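S.K.: Below is one structure. I have some questions about it.
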Amino acid sequence: MSMFASTDDGRTGEIRIAVRALADRRVRHVLLDWDGTVVDSHEHITNAFTTAVCQITGKSVEPPAVKALIGRPVGEMFLAFGQERQLPDFLDRFESLYIGLCRASPEPLLPGILEMLQWLKDEEGIRLSITSNKRCATLQASVNSSGLASMFDRLLDGQTHSPKPSGSMGEVVMRESDVVPSELLVIGDSHVDSEFARVLNCPFLGLASHTTNHRIRADEVQRLVLHWRATEPPASVGGY
């Protein structure tokens, strides 16, 4: 089962309608994607990436070239500009820079997200966890800087667990929270999130986004809302 909401200021109301429509499924735990769903991380990712590439390779990369690749694994992004032997050093440098940016300036919350989280947790009593393909330290830094860490039961990252769309993170939540797939709800903005929900056989609420080709675009909403099981995941898994 899949529902989609736009990313304008009215999406909180749309999400409330969608979650209430799932009441018969008795949703007890929501798995939220982080980047592009809760926060707009494009600026920090772009700045950390361009600086890390320059420091490791000596090459200057223009921000538009980076933004066009966001949504892919950061290591895969790097290989468009550097060599594989440089990848370990790049990943460490990127992580250090990204964490520094998060500590200096929190990434902006997307419209309506705070109200949505408060409503789900406080009014509906639904437990919340984050599932992200970020590395452990980068996810922790981003969530901590947002001031929202206390809202979530678990932060599940793509370094400790198999990255989405593998069902590994969802399986951890089901085991620890004693819930079944029909009691989960995945909320995300990408085809990876849609496929993640399909693998878990649980409902999916997609937030349309205008960002990258790996995201769910507004012009796809009507097509995707009809048959979420038929949506194809992108060629690679997003992660930072």
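The values are calculated or read from the model by the stated rules, or taken from the named source; none is laboratory data. These numbers come from a predicted model, not from an experiment.
S.K.: Anything in the stretch 64-87 that is closer than 14 Å to HIS44 by Cα, among the hydrophobic types (A, V, I, L, M, F, W, C) and at pLDDT 90 or above? List them, or say none.
M.R.: Passing the criteria: only VAL66.
S.K.: A follow-up question, please. Would you check which residues across the stretch 82-134 are outside any loop (DSSP other than H, G, I, E, B), of a type in the set (S, T, N, Q) and under 27 Å from SER168 (Cα atoms) and list them?
M.R.: SER96, GLN118, SER129, THR131
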